[in-house]
Ligand code: HPA
């Protein structure tokens, strides 16, 4: 990544009409349908955007979508890049930097995650209040990082308090169960062992997944306020562990998706 590459990626999107988006949204696994509700949508496939990471075969559907949602200009990532696909930390967070350069003022993130806190149930939503980075690296550990922001980025409150409060109030009003907790990120793609689930519980995680944390670190580097919601797709009980079925994870995410869409749309209205 260089400043010039970021400028070229941004210029390509601006030339396509991606003008002054206010909000960026990252849609996680099984959570792509919000994109269908965008009005006057303009799409850019990741493969066509200069200097975007080259998409893998399984990932052909990844695209950026610009348009209007609840009266506001948004840019949506339908599909994200993961470390487990073989990308590095700088690659997977490049789109966040591009959305920032396009002008977004807030970032909404979603993901599918496993429930470590067994008071939480499959299909519940969890507002991420804090995280634990277990991915063994940082998207800020590269030469020249200071050109883009403070190297020693503060992480005392990485998830915006005002938007968290607002989202809690919306959930209450809409009768949507919104759990709150700590998200731990792992590289994957293998799922966790029983011993790993026990460890995750001991160290204070409520949910575990394979994304989000690098994006949140970069957003904090850019001083971009974030709100992030996990859809809990499976219950990770080390004492009664059943093999995870990825198809089922996607199905559960799809069933819970309307709740997440409702929360995000109501939050946009309030901003
Ligand atoms: N681990 C366990 N269960 C999950 C995950 C994960 O990373 N993501 C979704 N369900």
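The values are calculated or read from the model by the stated rules, or taken from the named source; none is laboratory data. Owing to the predicted nature of the structure, the values given are computational and were not obtained by experimental measurement. Cβ placement follows ideal geometry from the backbone for every residue including glycine, while neighbour counts extend to all protein chains displayed.
Worth a mention:
- Of the candidates 92, 109, 25, the single residue that is in a strand (DSSP E or B), within 16 Å of the ligand (Cβ to nearest atom) and surrounded by 19 or more Cβ atoms within 10 Å (Cβ to Cβ) is 109.
- Scanning segment 50-84 for residues that are surrounded by fewer than 16 Cβ atoms within 10 Å (Cβ to Cβ), under 23 Å from residue 186 (Cβ atoms) and at pLDDT 90 or above turns up just one, 84.
- When 136, 123, 149 are screened for being modelled with pLDDT of 95 or more, assigned to a loop (DSSP other than H, G, I, E, B), away from the ligand (no atom under 13 Å from the Cβ) and on the phi > 0 side of the Ramachandran plot, only 136 passes.
- Pair list, Cβ under 7 Å, 6 or more apart: segment 2-24 residue farther than 17 Å from residue 68 by Cα, other residue exposed (fewer than 15 other Cβ atoms within 10 Å of the Cβ) and at pLDDT 95 or above: 8/50; 9/50; 12/50
- Within segment 236-251, the set of residues being crowded, with 19+ Cβ neighbours inside 10 Å and under 20 Å from the mean Cα position of the chain (by Cα) comprises just one member, 249.
- Residue 184 being within 14 Å of the chain's Cα centre (by Cα) and buried (at least 23 other Cβ atoms within 10 Å of the Cβ): yes
- Residue among 195, 205, 219 that is in contact (Cβ under 8 Å) with a residue 40 or more places away in the chain and within 28 Å of residue 35 (Cβ to Cβ): 219
- Against the conditions (1) within 19 Å of residue 122 (Cα to Cα); (2) away from the ligand (no atom under 16 Å from the Cβ); (3) touching a residue at least 40 places away in the same chain (Cβ under 8 Å), residue 185 satisfies every one except (2).
- Residues that are under 30 Å from residue 73 (Cβ atoms) and either crowded, with 22+ Cβ neighbours inside 10 Å or in contact with a strand residue (DSSP E or B) (Cβ under 6 Å, 6 or more places away or on another chain) (or both), drawn from segment 131-156: 131, 139
- So residue 213, is it free of Cβ contacts under 8 Å to residues at least 60 places away in the same chain, under 19 Å from the mean Cα position of the chain (by Cα), buried (at least 23 other Cβ atoms within 10 Å of the Cβ) and within 12 Å of the ligand (Cβ to nearest atom): no
- Selection of first residues in segment 223-234 that are under 17 Å from residue 262 (Cα atoms) and of second residues that are assigned to a strand (DSSP E or B) and more than 16 Å from the ligand (Cβ to nearest atom), restricted to Cβ pairs under 7 Å at least 6 apart or on distinct chains, gives the following pairs, ordered by first then second residue: 227/108; 229/127.
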